[in-house]
1. Could you please find all residues in region 11-23 being farther than 14 Å from L62 by Cα and surrounded by 13 or more Cβ atoms within 10 Å (Cβ to Cβ)?
2. Please work out if E64 is closer than 17 Å to I109 by Cβ, surrounded by fewer than 18 Cβ atoms within 10 Å (Cβ to Cβ) and either without any contact (Cβ under 8 Å) to a residue 40 or more places away in the chain or within 24 Å of the chain's Cα centre (by Cα) (or both).
3. Name the strands (runs of 3 or more DSSP E) wholly inside region 149-243 in which the number of residues that are surrounded by 14 or more Cβ atoms within 10 Å (Cβ to Cβ) and modelled with pLDDT under 80 is 2 or more.
4. Restricting the first residue to region 173-198 and requiring it to be in the same structural domain as K47 (by TED's automatic domain parsing), which pairs with a second residue that is surrounded by 17 or more Cβ atoms within 10 Å (Cβ to Cβ) and of a type in the set (S, T, N, Q) meet a Cβ separation below 8 Å and a spacing of at least six or different chains?
5. Quick check on region 91-135: of everything there that is basic (K, R) and out of contact with any Phe, Trp or Tyr (no Cβ under 9 Å at 6 or more places or on another chain), which residue is modelled with the lowest pLDDT?
6. D86 is checked against (1) more than 18 Å from P209 (Cβ to Cβ); (2) touching a Phe, Trp or Tyr at 6+ places or on another chain (Cβ under 6 Å) and fails just one. What number does that condition carry?
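The values are calculated or read from the model by the stated rules, or taken from the named source; none is laboratory data. Predicted model, so just to flag it, every value in this text is computed and none were measured. Neighbour counts are summed over all protein chains in view; Cβ atoms, including those assigned to glycine, are modelled from backbone coordinates with ideal geometry.
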Amino acid sequence: MEQQKNYIIDTNVLLEDPQSLVKLRNGNENHIFIPYHVLLELNKVKKDPKLRHIVARVVEYLVENPDTFQVLNSQSIADPFANLADKFILDEIQASGVEKPILVTNDRIFQLQARLRGITSEVYKESVPFKSEAEYFTGFVAKRDEAVPNAFMWNEQGKPVFFGAAGEKIIDYDEMQNMSRSECRTLLTRMGEGVKCLCLGDIRQVDNPYLSSENNGLNWVVKKFKGSKIYSHIVLKGEKSRGPITDLVITTGL
């Protein structure tokens, strides 16, 4: 029987393959350790537009699976990270004498850092008012005579038909799951008379490191606007992808 291994994972491995934690752990056969400075490096690159979606996947796994790895604490902090505000916030909490403090933050890496110091943390409850509601509320009708303003239906060719008013101007905004609540407010309050705004997105593809599948602009729009006579919502589900290349990427795990 092969001896159990203790793997210490570097930042570049996590960015190369966010599933490396699962693969190296190999069920429960091996132990996974993550140096504290790896968290600091992830925190540094989470705002990089080329890497933030990868960092978000890594951090989501770490937050949701705390028992599958162990963070190696550090007695000192490297110079590039020594003056980060997060460290001082945690120092202040521990020195405050507050009984059973609870850190409220939507920064998931900061949550991991707090856990390492034994500080309880939670997300701001107002940021997570519902669980993926955008997937449950649809706006399809089965027949044309059932159509209401802003409804959709499938035609004989299998394509969606939109029932909108004549003379409207259409604005199409994609990737709304990567917008915050305030950004959605800013965008939608700029819509004038005779304008229809189509807000598109997939809550399973959140790249913003400060958002999640529950706390994102698309879900906020559904939550706040559902039931309004000038709003409608549809959910597209199915097995179709963008094309054969996308299918190949998914099936091969590239």
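1. V13
2. yes
3. Fully inside region 149-243 and qualifying: 151-154, 160-163.
4. Pairs found: none.
5. Once the filter is applied, the top-ranked residue is K131.
6. (1)
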